[in-house]
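All of the numbers you see were taken from the coordinates with simple rules; none came from a lab. Just so it is clear, the structure is predicted and the values come from calculations on it, not from any experiment. Here the Cβ positions follow ideal geometry from the backbone for every residue, glycine too, while neighbour counts run over all protein chains shown.
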Amino acid sequence: MSKIQVKKPNSEIEQDSDSDVDFEDMAESRVDVGYIDTSLEELDEKELELYRIQMKSPFFPNKVGGKPAWLDYSNVPMAIGAGQMNDSNNNKSVELQCLSCKSQLVFLLQIYAPIGGQNDQFCDQAESLEDAFHRVLYVFLCSSKECKSRTFKVYRSQLNRQNDFFSYDAPPEDYDQDDLDQELKDSEEHLKKFYLNLHKKNMLNQCAVCGLACSKKCSRCNFAFFCSQNHQIIDWTKLNHKTLCSKYSTSDEDKLVSQWVQDENSQLKYLEETNFAVFPEREILIEPEVLDIAKLKREKDKFKFDERSTISIHCQLI
């Protein structure tokens, strides 16, 4: 579960045990609670394809597992030992390494948390609201069983609404259930345009297995990237690159990206991804937490009564 709490920055609640809780301030505060979607196994093939498409970057997902849906593709963290990045990528990378065992950290989850909107009580305090129109928090952890410290790292990325990667307009909105085919078609086209733009900018240089930036790629198709020999073997044997490699040898960029979008989000690829060491990809459903203020007041009054009774008994014993 992911839980994000946003409170008024000017709230003045005293910290001593005798102070009264400001219930009005608590009622105006907003707490969003995230739940992992467990309905994935109930989806048919088309619904699963749409689900996977909408877990990609241009749809700004909240999710656990899979590969990170990056925001700023000019500054994607680099995998350990992935080699030097090409200058044309303008990639100022950061290695995600465990502070204890020095192994590669694994992507755990991401939360889309832009600054602004009618419910954001921090927006008036932001130094540069425009620069955080898009903002994502990424959480990585050490998954090594031998590691004693289990390092966690949080990586923040943010962009202006006008940027080099994403459309100024919002992605396709949710459709009615009867419009599944149209929604799938529009979403595929939206994702295709996004990846085609990245490909032309030479910024689709993320490992096919873990999603971290790297410089090595398949010598046959010259398209798929890998951060290590181990991940290349995984992609070749378990993620079906052995079959797909020849499809990516075309010089037609539009056809190349269309094929890649289709393969990346297929049911076959989903079933294969469940067999290797990346956390299963699931959406995080975000809902506002409803606070029962009357119940909280009753519990507080009961606590005060119990506290007074305890003090009285203690005095009698003395």
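Order 47-53, 283-289 from most to least packed using the mean count of other Cβ atoms within 10 Å.
Answer by packing, highest mean first, reads 47-53, 283-289.
Name the chymotrypsin sites (Phe, Trp or Tyr not before Pro) in segment 142-204 that are in a loop by DSSP and that have at most 13 other C-beta atoms within 10 Å, would you?
Passing both the DSSP loop test and the Cβ count: Tyr168.
In sequence order, what are the phi-derived ³J(HN,Hα) couplings for segment 225-240 according to the Karplus relation 6.51 cos²θ - 1.76 cosθ + 1.60 with θ = phi - 60°, rounded to whole Hz, with x for glycine and proline?
Running phi through 6.51 cos²θ - 1.76 cosθ + 1.60 with θ = phi - 60° gives 9, 9, 7, 7, 5, 4, 6, 5, 5, 4, 5, 6, 8, 9, 9, 6 Hz.
Among the listed pairs Lys67/Lys145; Lys102/Lys216; Lys153/Lys238; Lys56/Lys185; Lys67/Lys238; Lys67/Lys193, give every one whose C-alpha distance is greater than 18 Å.
Lys67/Lys145; Lys102/Lys216; Lys153/Lys238; Lys67/Lys193
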